[in-house]
Amino acid sequence: MLAASDRETDVVLIGAGIMSATLGVFLRELEPSLSIQILESLGDCAQESSDAWNNAGTGHAANCEMNYTPQRPDGSIDISKALQVNVEFDLSRQFWSYLVGLGAIADPRSFIHPVPHMSFVHGAENVAFLRKRFKAMSAHHCYEGMEHTESPAQIAEWAPLVMEGRSGDEPVAATRIITGTDVDYGALTHLLVSHLVNQPGCAVHYNSCVTGLDREQGGRWRIEVRDAASGETRSVRAKFVFIGAGGGALPLLEKSGIPQGRGYGGFPVSGIWLRCDDPEINKRHHAKVYGKAAVGSPPMSVPHLDTRVIGGRHSLLFGPYAGFSSKFLKHGSLLDLFESIRPANVKPLLSVARDNFDLTEYLVGQVLQSEGHRLAALDEYFPKADPKDWRLQVAGQRVQIIKPDVKRGGLLEFGTELVGADDHSLVALLGASPGASTAAFIAISVLEKCFAGELTASAWLPKLKQIIPSYGVSLIDDADFSRQIRAATAEVLKVDNIPQPAARAPMAAKRA
Ligand SMILES: Cc1cc2nc3c(=O)[nH]c(=O)nc-3n(C[C@H](O)[C@H](O)[C@H](O)COP(=O)(O)OP(=O)(O)OC[C@H]3O[C@@H](n4cnc5c(N)ncnc54)[C@H](O)[C@@H]3O)c2cc1C
């Protein structure tokens, strides 16, 4: 028998991944009287994309991911997207630091570790690109401390495995920034969920699959839930619903029937890593080394050789190798893609299929890859890799957004998007990049979109500035404050910082 409080709540968060967990903690810190329920179809939190091995664990600050710094037709490098992603990560760092200060996270080393971020290229054209990219980025305070080299010896010092076994005939180049991080988003999600549900009025219900969403007279949402074990159904009523169901968000958005969701579709891309757990090899690599994407490949399939720290153990990860599966979730159904097709999204889906032949060709190539092809790709980053040291690890599913477009019929997007009801009572998060790293930015965007009336000086704003001292200030424009925030969060999170000549004042909220 369910308690009345289980049938009636202020907030329902669908899905127990990093996004719902982050939003739930923000909401509860800002409004301690809110009742919050998380409904999760699986038996624990962080079992889909947020699980440590289902993603790469990069604290995406656009340090090393070259897809965020495209070359303009005139040859110059556009770093605007990189700067945006870079400062979005500052929001997550502040949020996590706040939680450490609160005691909700006892030791930051349980989820975040300092790991330098490197970009590595070979071939004259790519070397020239990286040189220009470095010049543009290192001139900005957000990338202070970025290093660049075209010396094979220097790269070998930074990342020996990447250089051993190379002929030395080809030009190579690398950049490095020591402030990079590896993040175990699975461990972090567990910490956030347990902090949340330890508070009165908050609960997580596992094995609770949301099957329907209906608008009631009076504006509340009735959420239909099926118990995965018993098959029994029940309903929960809520004033506000966040669909943070990862790949499962699109079908739920469709079920909500809100007109803003009309025409959206999803394109699933699966992923595989190669993983090495040999401590003798792993102790010789301490970096996340990102390369350049192959022509036609989606931006998130840029190959990288990464240090991972999961559950206190060091591993190496290489990949991802993209693939195609019609499932929207790793634990999903092969029917997911087909069941998401509606009359309103047929045109966008067909237009995207017509306009993205390169991507289709790339994915077909990836699906047909043999083990030999996979090892050849690894060879480019670790020429002396021995196949016997590596094993396959299946990554999470990503569902890329297909959105309706008046001109072209439909567009394929690689970012994330919040799609919400007009009255702000429900919002769904679609897409997966830059991903978990920007969970705090996404949570703040939900607050701004759906709770704007509460973000005032007499309501939630003072507390929000306590959690995010830079709220309302552009860290892209304010160099001093950016340095101050980074120094303070680096100290709390025990990650590396670029040393500054003079001691700076402790972090405090700045008046916007
Ligand atoms: C291969 C790969 C590599 C990545 N690398 C990085 C990286 O290096 N850095 C980074 O920051 N991000 C990365 N990401 C992205 C990141 O993992 C995701 O953005 C993030 O984990 C999404 O979190 P989420 O909470 O939205 O979704 P998820 O973690 O997928 O959680 C969604 C939850 O909703 C539940 N659910 C679904 N449908 C229902 C339903 N009907 N009822 C109840 N529950 C439901 C699911 O079971 C799941 O637990 C990567 C992703 C992939 C796939």
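Observations, loosely collected:
- Note on the stretch 1-104: enclosed helices (runs of 4 or more DSSP H) holding 1 or more residues that are among the β-branched types (V, I, T) are 18-30, 80-102.
So that you can scan it fast, the table gives a plain yes or no per residue for (1) away from the ligand (no atom under 15 Å from the Cβ); (2) aromatic (F, W, Y); (3) free of Cβ contacts under 8 Å to residues at least 40 places away in the same chain; (4) exposed (fewer than 14 other Cβ atoms within 10 Å of the Cβ):
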residue: L335; (1), (2), (3), (4): no, no, yes, yes
residue: A353; (1), (2), (3), (4): yes, no, yes, no
residue: N356; (1), (2), (3), (4): yes, no, no, no
residue: L363; (1), (2), (3), (4): no, no, no, no
residue: Y381; (1), (2), (3), (4): yes, yes, no, no
residue: L392; (1), (2), (3), (4): no, no, no, yes
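- Residue among I112, I18, I105 that is open to solvent by less than 30 Å² (accessible area, probe 1.4 Å), touching a residue at least 24 places away in the same chain (Cβ under 8 Å) and away from the ligand (no atom under 16 Å from the Cβ): I105
- Taking every residue in the stretch 216-241 that is of a type in the set (D, E) and pairing it with any residue that is open to solvent by less than 80 Å² (accessible area, probe 1.4 Å) and in a loop (DSSP other than H, G, I, E, B), at least 6 positions away or on another chain, the pairs with Cβ-Cβ distances below 8 Å are D227/N207.
- Only one entry of L418, L392 meets the criterion of being farther than 23 Å from G248 by Cβ and not in a loop (DSSP other than H, G, I, E, B), and that entry is L392.
- Being more than 9 Å from the ligand (Cβ to nearest atom), among the aliphatic types (A, V, I, L, M) and touching a Leu at 6+ places or on another chain (Cβ under 9 Å) holds for only one residue in V236, V210, and it is V236.
- Residue match in the stretch 158-172 (condition: surrounded by fewer than 22 Cβ atoms within 10 Å (Cβ to Cβ) and under 25 Å from I468 (Cα atoms)): no
- Contacts under 7 angstrom Cβ, first residue in the stretch 50-76 being more than 13 Å from the ligand (Cβ to nearest atom), partner among the polar types (S, T, N, Q) and not in a loop (DSSP other than H, G, I, E, B), 6 or more apart: M66/S119
- Long-range neighbours under 8 Å by Cβ, at least six apart or interchain, first residue at negative phi within the stretch 181-203, second open to solvent by 40 Å² or more (accessible area, probe 1.4 Å) and within 11 Å of the ligand (Cβ to nearest atom): Y185/D51; G186/D51
- Residues of the stretch 30-60 satisfying the condition of being open to solvent by less than 10 Å² (accessible area, probe 1.4 Å) and either of a type in the set (S, T, N, Q) or more than 21 Å from V11 (Cβ to Cβ) (or both): Q37, A52, G57, T58, G59
For (1) near the ligand (Cβ under 10 Å from one of its atoms); (2) open to solvent by less than 30 Å² (accessible area, probe 1.4 Å); (3) in a loop (DSSP other than H, G, I, E, B); (4) out of contact with any helix residue (DSSP H, G or I) (no Cβ under 7 Å at 6 or more places or on another chain), each residue gets a yes or a no:
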position: L253; (1), (2), (3), (4): no, yes, no, no
position: G263; (1), (2), (3), (4): no, yes, yes, no
position: L274; (1), (2), (3), (4): no, yes, no, no
position: F338; (1), (2), (3), (4): no, no, no, yes
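The values are calculated or read from the model by the stated rules, or taken from the named source; none is laboratory data. Not measured: the values here are computed from a predicted model. Positions of Cβ are generated from backbone atoms using ideal geometry, with glycine treated the same way; all protein chains shown enter the neighbour counts. Ligands, DNA and RNA are excluded from the accessible area calculation, which covers all protein heavy atoms including side chains. Shrake-Rupley method; radii C 1.70, N 1.55, O 1.52, S 1.80 Å.
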